[in-house]
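Note sheet for the following structure.
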Amino acid sequence: TLMKRQGCSILFVNEQRQILLFLRDDLPHIPYPNTWDVPGGHVEEDETPAQCIVREMKEEMGLHLEGFDLFSVKEFSDRIEHTFWKRSDLKIGEISLQEGQRLKWFSEEEAKATVLAYGFNEIVAEFFAKAPFLKP
């Protein structure tokens, strides 16, 4: 059987228990144009999902990511998604986004009311339900 591609993503959660999402570019040739999405990308052949998210955050946001944890590994029809999470009060005004239109903090309710790219609503709902950020 053909191996499904691996995706990596990260949920940044701030003190207000909001998660950071980005608005995808509004280009007709990309999947889910102009749709809110969780930061991340595709795992390349020579890297682990954890190495992937570090690379993606450096490329997309210029962040040096460390001290994050794995939240879930979920199989979708198109991929296997490795979602990490990290407590972070990122100053989104200071991030120069290399991909996508803008960043925004979303509360649980706002995220629930928004259609997210790549089936991420399911992962986001699970994240708020399990709320790892409430544990010390």
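A few points about this structure:
- Here is the figure for the stretch 47-57: residues that are closer than 17 Å to R24 by Cα and either open to solvent by 30 Å² or more (accessible area, probe 1.4 Å) or without any contact (Cβ under 8 Å) to a residue 40 or more places away in the chain (or both) total 0.
Condition check ((1) surrounded by fewer than 13 Cβ atoms within 10 Å (Cβ to Cβ); (2) within 15 Å of the chain's Cα centre (by Cα); (3) assigned to a helix (DSSP H, G or I)) across all residues:
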{"residue": "L27", "(1), (2), (3)": "yes, no, no"}
{"residue": "E45", "(1), (2), (3)": "yes, no, no"}
{"residue": "I80", "(1), (2), (3)": "no, yes, no"}
{"residue": "F84", "(1), (2), (3)": "no, yes, no"}
{"residue": "S96", "(1), (2), (3)": "yes, no, no"}
{"residue": "L103", "(1), (2), (3)": "no, yes, no"}
{"residue": "A111", "(1), (2), (3)": "no, yes, yes"}
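- Flag for V124 being closer than 27 Å to E59 by Cα, open to solvent by 90 Å² or more (accessible area, probe 1.4 Å), of a type in the set (A, V, I, L, M, F, W, C) and in contact (Cβ under 8 Å) with a residue 12 or more places away in the chain: no
- V73 satisfies every condition listed in (1) outside any strand (DSSP E or B); (2) surrounded by fewer than 16 Cβ atoms within 10 Å (Cβ to Cβ); (3) not charged (D, E, K, R) except (1).
- Each residue in the stretch 104-121 was checked for being among the β-branched types (V, I, T) and free of Cβ contacts under 8 Å to residues at least 60 places away in the same chain, and 0 pass.
- Long-range neighbours under 9 Å by Cβ, at least six apart or interchain, first residue more than 24 Å from V43 (Cβ to Cβ) within the stretch 80-96, second assigned to a loop (DSSP other than H, G, I, E, B): D89/N14; D89/E15; D89/Q16; S96/G62
- With respect to the stated conditions, L90 is open to solvent by 30 Å² or more (accessible area, probe 1.4 Å) and either in a loop (DSSP other than H, G, I, E, B) or farther than 21 Å from A125 by Cα (or both).
The values are calculated or read from the model by the stated rules, or taken from the named source; none is laboratory data. Every value quoted in this text rests on a predicted model; they were computed, and no experiment measured them. Positions of Cβ are generated from backbone atoms using ideal geometry, with glycine treated the same way; all protein chains shown enter the neighbour counts. The protein model used for the area step is the full one, side chains on, heavy atoms only, and it has no ligands, DNA or RNA in it. Shrake-Rupley method; radii C 1.70, N 1.55, O 1.52, S 1.80 Å.
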